[in-house]
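The next block holds one structure in the form of structure tokens; read it before the comments.
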Amino acid sequence: MLETITAIATPPGKGGVGIIRISGKDAKKIAETITKKILIPRYAIYSNFYTHDLITHTSKSIIDNGIVLYFPNPHSFTGEDVVELQGHGGPVILDILLEEVLKHGARLANPGEFSERAFLNDKIDLSQAEAIADLINAGSKQAAKAAINSLQGKFSEKINELKDLLIQLRMYVEAAIDFPEEEVDFLSDQHISLSIVEIKNQFKEIIAAAMQGQLLQEGINIVIIGKPNAGKSSLLNQLAGQDRAIVTEIAGTTRDVLKEYIQIDGLPLHIIDTAGLRETTDLVEKIGIERAYQEIEKAEYVLFIIDAIEFNKINFENLIVKWKINSKKIIFIKNKIDLVNEKPAINTTEFAEITKKTSYITISISAKTGEGIDLLKNHLKTVVGYQQQEGVFLARRRHLEALNRALALVEVGEIQLEQAKAGELLAEDLRLAQLALAEITGEFTADDLLGEIFSNFCIGK
Ligand code: GDP
């Protein structure tokens with residue numbers, strides 16, 4: 001029998017209400033001792049919470065008062081007996097109450113241990129448990145909606161449907177192998193190839209939705225670079241919609257990298273405004289520039305800002321080489337178009353004289369007036385493939401990795417069948433693909449991975 005666990009379930013700090021959650025076989029007994037009440041399942045009882053002398057078995061002083069709620073197993077979040085003590089939301093009062101619960105034999109819960117028990121008792125599967133953490137951590141309304149979809153099992157449902165298709169096909173192929181005299185006919189019949197096509201289509205659909213979910217969850221990394229005074233901080237402020245970076249007319253004020261988190265229609269952008277990039281002897285700025293190189297390396301996109309007045313003199317190829325930027329990542333921003341009377345625009349500029357093949361996106365904006373900022377935002381959404389759609393589920397990197405691995409196995413199996421008529425190999429690949437999908441819902445997940453997933457939860461969850 002597992003130990004009874006407890007934790008403060010509400011966030012640290014002061015609030016109207018503070019909740020202590022207890023789960024396990026002693027939960028009811030502990031709460032009845034503290035409240036001196038007989039608990040009724042799912043019934044809110046108003047009560048005092050008492051300290052108790054363990055030697056004389058008498059109640060001493062009142063700690064707090066509030067509501068006690070009892071959910072008997074298996075109809076509780078964890079699937080065990082669960083009690084909530086809802087008192088006043090002050091850190092000291094909650095600590096005193098928590099100590100009292102611990103005194104009666106419960107132990108402090110580890111991070112995510114309530115959710116882990118819910119998973120172990122089959123109340124939720126692994127991707128639903130992850131969705132709880134993702135819902136709590138959601139940074140936008142879109143991310144929260146997607147997390148709710150996952151929590152309600154919509155992602156798991158799709159995974160299970162796909163797993164069923166894999167199982168059906170594997171049974172069909174294995175039946176063909178078991179009757180060798182008919183094997184050749186079986187294996188070359190249309191049923192198998194059509195099933196594989198259907199399975200691959202379903203994979204692609206789920207992967208596309210999961211990729212949207214992962215974008216919502218993780219967002220993209222963007223670096224803003226350019227000469228001092230080109231308008232990096234101003235652009236950052238425009239994108240963020242509020243003044244965060246220091247904007248000033250003295251060159252080189254942004255001394256170090258500055259990280260900013262913003263959203264465009266729910267798409268999270270982690271933006272790094274680099275140090276004013278220039279050749280310098282100033283040690284602090286040199287360190288800043290070194291860090292800028294590292295950030296460029298890590299980023300998905302680099303916004304290179306150039307003052308409109310200097311734009312025609314720029315050798316773009318040299319800039320890319322100098323700053324070691326992968327040319328696929330680069331978006332040139334022609335800023336301050338208000339000074340040269342230009343309109344906002346986006347174009348793919350061909351630098352044919354430098355290399356026949358290279359083309360770069362250039363977006364003309366004014367970070368001062370805000371003109372062209374929408375063009376830039378829409379371009380970023382397009383290049384990362386962000387679509388605002390319903391029915392997205394919040395997916396994690398590990399889900400996508402498992403989905404892609406499973407799809408690759410199906411594709412290998414298909415080739416084995418087509419080229420070598422190797423039904424056994426196809427069956428084996430289908431079995432491995434099915435196992436990869438089972439990792440997502442946690443039917444088949446290594447203990448250390450489970451430990452890692454739950455340890456990233458907050459305490460009390
Ligand atoms: P940074 O050094 O690259 O971060 O540049 P800042 O954002 O601090 O801008 C330097 C100066 O240029 C400030 O005085 C800004 O107000 C001004 N500036 C930035 N963008 C524009 C723009 O689009 N038009 C005009 N007219 N001025 C701008």
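The values are calculated or read from the model by the stated rules, or taken from the named source; none is laboratory data. Computed from a predicted model, the values in this text were never measured in an experiment. Methodologically, a virtual Cβ is constructed for each residue, glycine included, from the backbone with ideal geometry; neighbour enumeration extends over all protein chains shown. Heads up: the accessible areas ignore ligands, DNA and RNA and are worked out on the full protein's heavy atoms, side chains in. Shrake-Rupley method; radii C 1.70, N 1.55, O 1.52, S 1.80 Å.
When residues in region 134-144 are screened for being crowded, with 21+ Cβ neighbours inside 10 Å and either closer than 26 Å to N73 by Cβ or aliphatic (A, V, I, L, M) (or both), 1 of them pass.
Of the residues G24, G13, the single one that is open to solvent by 30 Å² or more (accessible area, probe 1.4 Å) and among the small types (G, A, S) is G13. Every residue in region 8-42 that is over 25 Å from F119 (Cα atoms) and hydroxyl-bearing (S, T, Y), please. Across region 8-42, the qualifying residues are T33, T35. For N221, the test of being away from the ligand (no atom under 16 Å from the Cβ), more than 28 Å from F444 (Cα to Cα) and either open to solvent by 40 Å² or more (accessible area, probe 1.4 Å) or part of a helix (DSSP H, G or I) (or both) is passed. Looking at the structure I just gave you, is A147 more than 20 Å from Q416 (Cβ to Cβ), open to solvent by less than 60 Å² (accessible area, probe 1.4 Å), in contact with an Asp or Glu (Cβ under 8 Å, 6 or more places away or on another chain) and assigned to a helix (DSSP H, G or I)? In short, yes.
If the condition is being touching a residue at least 40 places away in the same chain (Cβ under 8 Å), part of a helix (DSSP H, G or I) and under 13 Å from I177 (Cβ atoms), then region 414-426 contributes L417, G423, E424, L426. Could you list all residues from region 300-321 that are among the β-branched types (V, I, T) and within 26 Å of I220 (Cα to Cα)? Selection gives V302, I305, I306, I320, V321. Is it the case that some residue within region 111-123 is over 30 Å from T33 (Cβ atoms) and in contact with a strand residue (DSSP E or B) (Cβ under 9 Å, 6 or more places away or on another chain)? No, region 111-123 contains no residue that is over 30 Å from T33 (Cβ atoms) and in contact with a strand residue (DSSP E or B) (Cβ under 9 Å, 6 or more places away or on another chain).
N110 passes every criterion in (1) in a loop (DSSP other than H, G, I, E, B); (2) open to solvent by less than 60 Å² (accessible area, probe 1.4 Å) apart from (2). For region 206-245, the set of residues classified as under 26 Å from G385 (Cβ atoms) and free of Cβ contacts under 8 Å to residues at least 12 places away in the same chain consists of A208 only. Looking only at region 359-366, decide whether some residue is more than 16 Å from the ligand (Cβ to nearest atom) and modelled with pLDDT under 85. Yes. Residues satisfying the criterion are absent from region 301-323 (criterion: open to solvent by 80 Å² or more (accessible area, probe 1.4 Å), modelled with pLDDT of 85 or more and within 29 Å of the chain's Cα centre (by Cα)). Among the residues of region 35-49, write down those that are hydroxyl-bearing (S, T, Y) and in contact with a Lys or Arg (Cβ under 6 Å, 6 or more places away or on another chain). Correct list: S47 only.
Looking only at region 228-282, residues that are within 12 Å of the ligand (Cβ to nearest atom), at pLDDT 60 or above and either charged (D, E, K, R) or exposed (fewer than 15 other Cβ atoms within 10 Å of the Cβ) (or both) come to 2 in all.
You will find that of E371, E411, the residue that is within 16 Å of the ligand (Cβ to nearest atom), open to solvent by 40 Å² or more (accessible area, probe 1.4 Å) and at pLDDT 90 or above is E371 and no other.
Pairing each residue of region 108-134 that is free of Cβ contacts under 8 Å to residues at least 40 places away in the same chain with any residue that is buried (at least 20 other Cβ atoms within 10 Å of the Cβ), provided the two are 6+ apart or on different chains, yields C-beta distances under 6 Å for I124/A118; Q128/L151.
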